1. Test A:Lys44 against the criterion of being of a type outside the set (A, V, I, L, M, F, W, C) and assigned to a loop (DSSP other than H, G, I, E, B), and give yes or no.
2. Restricting attention to the range B:59-87, report how many residues are within 11 Å of DNA strand C (Cβ to nearest atom) and surrounded by fewer than 13 Cβ atoms within 10 Å (Cβ to Cβ).
3. Can you name the condition, by its number, that A:Phe65 falls short on among (1) more than 14 Å from every other protein chain (Cβ to nearest Cβ); (2) modelled with pLDDT of 95 or more; (3) over 20 Å from A:Val134 (Cβ atoms)?
4. Which one is farthest from the chain's Cα centre (by Cα), of the residues in the range B:36-90 that are charged (D, E, K, R) and within 30 Å of A:Ala10 (Cα to Cα)?
5. Could you tell me whether any residue of the range A:97-110 is of a type in the set (A, V, I, L, M) and modelled with pLDDT of 95 or more?
6. Condition first: away from DNA strand C (no atom under 13 Å from the Cβ) and either in contact with a Phe, Trp or Tyr (Cβ under 7 Å, 6 or more places away or on another chain) or touching a residue at least 40 places away in the same chain (Cβ under 8 Å) (or both). Now tell me which residues in the range B:21-58 satisfy that.
7. Determine whether the range B:122-130 contains at least one residue that is within 10 Å of chain A (Cβ to nearest Cβ), assigned to a loop (DSSP other than H, G, I, E, B) and either surrounded by 13 or more Cβ atoms within 10 Å (Cβ to Cβ) or at pLDDT below 90 (or both).
8. Search the range A:8-41 for residues being more than 24 Å from A:Glu132 (Cβ to Cβ) and near DNA strand D (Cβ under 8 Å from one of its atoms), and hand back the single one that is nearest to the other protein chains (Cβ to nearest Cβ).
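The values are calculated or read from the model by the stated rules, or taken from the named source; none is laboratory data. Quick caveat, the model's predicted, so the values are computed rather than measured. Cβ placement follows ideal geometry from the backbone for every residue including glycine, while neighbour counts extend to all protein chains displayed.
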Protein chains: 2
Amino acid sequence: MRLTKAGEYAIRCVLYLSTLAKGIVASRNEIADAMDIPRDFLTKIAQQLSRSGIIEIIQGPKGGFRLGLPPEKICLLDVVETMMGDIFFNECALRPQSCSKSCTCAVHTVWVKARTQIRETLREATFAQLAEDVKNRDLYFGKGS
Amino acid sequence: MRLTKAGEYAIRCVLYLSTLAKGIVASRNEIADAMDIPRDFLTKIAQQLSRSGIIEIIQGPKGGFRLGLPPEKICLLDVVETMMGDIFFNECALRPQSCSKSCTCAVHTVWVKARTQIRETLREATFAQLAEDVKNRDLYFGKGS
DNA sequence: GATAAAAAGGATCTTGTTTATCCATTTATA
DNA sequence: TATAAATGGATAAACAAGATCCTTTTTATC
């Protein structure tokens, strides 16, 4: 049960953009180099992030990516669910009709609780906070330890 | 981010055994039929559960599976981690040395929190409770709705 | 307009994991 | 000793993840 590479890369990309001044565009190559993301894979990831409004893509020379929302309006949950779909640990917790047994059973209530908790935790973590922390520590940019 | 079939089947298997009187052995076919698990797949699942002591396997005629521990000593976390390995959402949360960037960053503390929460929730859910609930509701055995 | 930088979109490919099945071998009851 | 029942190893099929390549489209600037 783990974060996919696509999810990890997406977080790094949004985090990078969140550390820039408002409205600044960073090119795909710049982001890929800085955050250690395969260039062409980043293309696909950016397309998904763009479809859910988390980033904007600018084409043409001087093009690249920038945030589509202020970083305090973007949370880890947004990015994770964009890249990996809904978080659920058991079909029943989200799609009761797909369970061959009854779905009110005790097991499912545990999954629902787990799902709710993790979504809440990921929702509380905004990229404004994350970027601030990263900037303060000089992390993620080769300056820190 | 979801439970695998193997994880789901393992839970159903242990739940079935937990509803039986202490020490009772159920054959592989009985469990497979009752809980809608592919017979040969259940073999593999049982081997894993047996290696971590959750169930015991009895060979020969009248053989089958039974719990290796009292059901109040088995929790969802045990079964899930046996079948799916450690729960972690990000490499760094568990293996700091594998992260190419610094691992004290703010993102990782969020993953650590999420991981801790879900493990706690799954640890609290024992099969004694789960089986009791299932028996009370006549669920999981075709008698309920 | 023409040029060129930069991203899109589609196709493909590799790799790994999950799920499932088959069969010869081992175990142990009666 | 015969037989019921599970093991263990091998293999296959299905699917998802990760990565890469190439042609087309967009658009800033000369």
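1. Against the criterion (of a type outside the set (A, V, I, L, M, F, W, C) and assigned to a loop (DSSP other than H, G, I, E, B)), A:Lys44 does not qualify.
2. Of the residues in the range B:59-87, 6 are within 11 Å of DNA strand C (Cβ to nearest atom) and surrounded by fewer than 13 Cβ atoms within 10 Å (Cβ to Cβ).
3. Failed condition: (3).
4. Ranking the candidates gives B:Asp86 first.
5. The first filter runs over the range A:97-110 and keeps only residues of a type in the set (A, V, I, L, M), leaving A:106-107, A:110.
Okay, now just the ones that are also modelled with pLDDT of 95 or more, so none.
Checked the range A:97-110: no residue is of a type in the set (A, V, I, L, M) and modelled with pLDDT of 95 or more.
6. B:Lys22, B:Gly23, B:Ile24, B:Ala26, B:Ile31, B:Ala34, B:Ile54, B:Ile55
7. There is at least one residue in the range B:122-130 that is within 10 Å of chain A (Cβ to nearest Cβ), assigned to a loop (DSSP other than H, G, I, E, B) and either surrounded by 13 or more Cβ atoms within 10 Å (Cβ to Cβ) or at pLDDT below 90 (or both).
8. Looking at residues that are more than 24 Å from A:Glu132 (Cβ to Cβ) and near DNA strand D (Cβ under 8 Å from one of its atoms), I get A:Pro38.
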